[in-house]
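Derivation of every value follows stated rules applied to the coordinates shown; laboratory data play no part. Computed from a predicted model, the values in this text were never measured in an experiment. Quick reminder, even Gly has a Cβ in these numbers, built from the backbone with ideal geometry, and neighbours come from all protein chains shown.
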Amino acid sequence: MSEEPEVRHDPEADALYLRFATAPVARTAPLDDDRIVDYAGDGSVVGVELLSVSHGSDIAGLPHAAAVERALRRLGLPIADPAAAARAREALRARDAFARAIAEAVRRYRAAHRLSHRAFGGKVGMAGSDVARLERGEHAPSIDLLDKLARELGMHFVIEVAPVGAAAAVLPPGVEVLTERAPTPGASRVVVAAG
């Protein structure tokens, strides 16, 4: 592929994908909730996905940062101030563990099935922008939404809230723990698993 990436901007989903190579994606690694990197089997970068691009994208530490910056500027999209981006990443880490775990499960499903936000949304009756918001983990999804994801996509969710010291639930095959809230005195243990 040429030095400049193929750029796909989806304003509805508030997302941008920059494809740097034609190799198939072997693995996907989120840098944080708004920056995801796709890698080929040999470890080279295939693409970079940026979410919430209308709010400013953090390019610090991104592979091919100069090309990403050029693409953002060409499209008139803001680039985040590094200090503000660091504060935003810290705020993201402090979000509700449940919402982040479900967001991770959706991202993994979408990546494994190579679906865009819009294509994923089409399968479950959601707008692509709503899928992007769900993946940011800003709000805890409703039980109705989890039910729809299970029915329409075959996703499996296990949410366990139990007293500290109680035996842990046995997870079905293919379901893994995405987050476990460390118990504090007087609090219950909360585990979220998906697959």
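Some values worked out for this structure:
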quantity	calculated
Given (1) loosely packed, with under 14 Cβ neighbours inside 10 Å; (2) out of contact with any helix residue (DSSP H, G or I) (no Cβ under 8 Å at 6 or more places or on another chain), number of the condition Gly125 does not satisfy	(2)
Identity of the residue in segment 151-163, of a type outside the set (Val, Ile, Thr) and more than 18 Å from the chain's Cα centre (by Cα), that ends up nearest to Val192 (Cα to Cα)	Glu160
Residues of segment 128-170 satisfying the condition of being hydroxyl-bearing (Ser, Thr, Tyr) and either buried (at least 18 other Cβ atoms within 10 Å of the Cβ) or in a helix (DSSP H, G or I) (or both)	Ser129
Members of segment 60-86 found to be β-branched (Val, Ile, Thr) and touching a Lys or Arg at 6+ places or on another chain (Cβ under 9 Å), listed by number	Ile79
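Matching residues to (1) surrounded by fewer than 18 Cβ atoms within 10 Å (Cβ to Cβ); (2) assigned to a strand (DSSP E or B); (3) under 18 Å from the mean Cα position of the chain (by Cα):
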site: Arg8; (1), (2), (3): yes, yes, yes
site: Glu12; (1), (2), (3): yes, no, yes
site: Thr22; (1), (2), (3): yes, no, no
site: Asp38; (1), (2), (3): no, yes, yes
site: Gly43; (1), (2), (3): yes, no, no
site: Val48; (1), (2), (3): no, yes, yes
site: Arg70; (1), (2), (3): yes, no, no
